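Notes follow once the structure below has been shown.
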Amino acid sequence: MSDPDAPADRVRRAAVRIAALAQDGLAYAVGDPGKDYDAARYRELTELAADLLAAVSTTPRDVLRAVLDADTGYATPKVDVRAGVLDERERFLLLRERSDGLWSLPGGWADPGDRPGPAAEREVLEETGWPVEAVKVVGVWERDARGKQPPMPVSVFHLYFLCRVTGERVPPSELETLEVGWFGLDELPELSERRINRWELERLLAHHRDPTLPTEWD
C-alpha cells in the first residue's frame, strides 16, 4: 500500500486533482467564445499538472500528457474490472500480458454500456478462453491506494469479482495474451504490479474460502 503522507504521493495526488479540475473547466469552456481566456488557463493548468506528475514519476512526461489528453469531458474515475477465478486446488487463473510479459488476473477497462459483472465475465472469456460466471463482488479498491506501480495521472477504481468456471475452454481471442496458467499463492509467477498485487490475490482467496465475508472497499 502507498503512504498517503509521503511527499511524492502528496504531490502526485495534488497533480491528479489539478488535472481533473482543468479537465472539468475545459468541458464547460471549450466552444464558448466568451470563455476563451478561461480555456487557455485550464490548458496551462493541465501542463503544470503534467510537470508535477513527471517530477514524481518514472513515466515520461509525454506519456503522462497523452493520458491526460485522452480523457475529455467531466473528469470521473476510470473503472477497471478484474476476475478472480480459482480451481478446486485454490489455484488462480492468470494470464501473461503481451504488453509487459508479466502475469495478471483477467480484466481490463469497463466499456461504456457495460454492466460490471458481464464485463468481467467477457474479459475472462476473451483473454483466457474460459467461460465463467461472476458470483460475488470481493472488493472495490482505488488503484493508487493499493500501491500499484507506476502511479497513473488519473484516478482508477478496481472492481474485483470472484468467478466460477461454467464450461469447457475455447481458444482465447485477445491478441495481448501470451500464456494462460493456474497458479497457487506459493507458486506465483512475476506479477504485473500495475494491474494486480499479492494482497489482492490473498483477499480473493479469503473470499473463495469463506463466501460469507462482506464486500470490501476503500
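Quick note: the coordinates plus some simple rules give every number you see, no bench work behind them. Values in this document were obtained by computation on a predicted structure and should not be read as measured data. Every residue, glycine as well, gets a Cβ built from its backbone with ideal geometry; the counts of neighbours run over all protein chains shown.
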Fluctuation leader among A134, A83, A14 - the chain, Gaussian network, Cα springs under 10 angstrom: A14
Alpha-carbon spread of segment 1-112, three principal axes, descending order, Å: 64, 35, 25
Candidates L94, L125, L48, ranked by Gaussian network fluctuation over the chain, Cα under 10 Å, top entry: L48
Low-density loop cleavage sites - chymotrypsin sites (Phe, Trp or Tyr not before Pro) in segment 68-149, where at most 13 other Cβ are within 10 Å (DSSP): Y74
The chain: most fluctuating residue of G84, G25, G139 per GNM, C-alpha cutoff 10 Å: G25
3J(HN,Hα) from dihedral phi, segment 203-218, Karplus parametrisation 6.51/-1.76/1.60, rounded to Hz, x for glycine, proline: 5, 4, 5, 4, 6, 5, 6, 9, x, 7, 4, x, 4, 10, 7, 7
Residue-averaged 222 nm ellipticity for the chain, from DSSP H runs of 4+ at -39500 (n - 2.57), nearest 500: -12000 deg cm²/dmol
Where GluC sites (Glu not before Pro) in DSSP loops with at most 10 other Cβ within 10 Å are excluded, longest remaining stretch of the chain: 1-87
Straight-distance crosslink candidates among aspartates and glutamates, where the alpha carbon sits under 18 Å from K136 and sequence neighbours closer than 8 are dropped: D80, D87, E88, E90, D114, E121, E123, E200, E202, D210, E216, D218
Estimated vicinal HN-Hα couplings, Hz - segment 13-25 in sequence order (Karplus 6.51, -1.76, 1.60; Gly, Pro = x): 5, 5, 5, 4, 5, 4, 4, 5, 5, 5, 4, 4, x
Cα gyration tensor shape for segment 78-217, rounded if a/c is under 1.5, else prolate or oblate: rounded
